[in-house]
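The values are calculated or read from the model by the stated rules, or taken from the named source; none is laboratory data. On a predicted model such as this, the values are computed, not experimentally measured, just so you know. Cβ atoms come from the backbone with ideal geometry, glycine included; neighbour counts cover every protein chain shown. All accessible areas refer to the heavy atoms of the entire protein, side chains included, with ligands and DNA or RNA removed. Shrake-Rupley method; radii C 1.70, N 1.55, O 1.52, S 1.80 Å.
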Amino acid sequence: LWSRGLGDVYKRQVLNDTTPQLGGNLDTNEKEIQTVSNRNVILAPNGTGVVEIKGNTNIAIEKVTFDSREIQNLSLFIAIVGTQSDGHKFIKNAEDSGASAIVCEQLPKKLNDDITYIRVPDSSLAIGLIASNFYDNPSEKLDLIGITGTNGKTTCATLLYDLFRLLGYKTGLISTVN
């Protein structure tokens, strides 16, 4: 699955020659990194524990969502089992709204030939991995500092925040006090 429109050059994960792209033997660990213009793999079998793929894997994805009301053409819908509602109940809405692909834990009884279906064991885990890949792994660009202990955590965190801010770094502070 490819994302479009996010820039000029992306990395593409390509499985080894014995494995068809995004299908076939899902247990392979060999990967080769290539540069591809205007394309970015957002889902690879080894990254999400893909169980089964039905449909074309060479499709463009411009939006990732778990809300079927936000689906438009070239969208990827992820059906998540929640505490209040099961996203699998909204797969038909996503299909009717123009989804290009659907990630789910259970395939629908009737499959649409124009849509790619990806069955995973845990769609809640898959959404995090897919979103991270789709948005070019933003957390890899963050440096985090965690402070633990009994006393002085807020003081230490505030001092570090002020220090880094004064040194010109973009900083953020998350605390139970502020």
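Sort region 61-170 into rounded, prolate or oblate with this rule: let a ≥ b ≥ c be the square roots of the eigenvalues of the Cα gyration tensor; rounded if a/c is under 1.5, and if a/c is not under 1.5, prolate when a/b is larger than b/c, oblate otherwise. Because a/c hits 1.5 or more and a/b exceeds b/c, region 61-170 counts as prolate. Computed with a 1.4 Å probe over protein heavy atoms only, the accessible surface of region 83-178 comes to 72 Å² per residue.
Beyond 26 Å in Cα-Cα separation lie the following of the pairs K92/K141; K63/K92; K63/K89: K92/K141.
Computed 3J(HN,Hα) for region 74-81, one whole-Hz value per residue from the Karplus formula 6.51 cos²θ - 1.76 cosθ + 1.60 where θ = phi - 60°, is 6, 9, 10, 9, 10, 8, 10, 7, glycine and proline marked x.
FRET efficiency for the pair N112 and D143, taken as 1/(1 + (r/R0)^6) with r the Cβ-Cβ distance and R0 = 35 Å, rounds to 0.20.
Positive-end ranking of T65, P121, G98 along the dipole of region 62-133, with charges on Cβ about the Cα centre, is headed by P121. Between D67 and T176, the simple spin-label model (points 7 angstrom out along Cα→Cβ) gives 3.1 nm.
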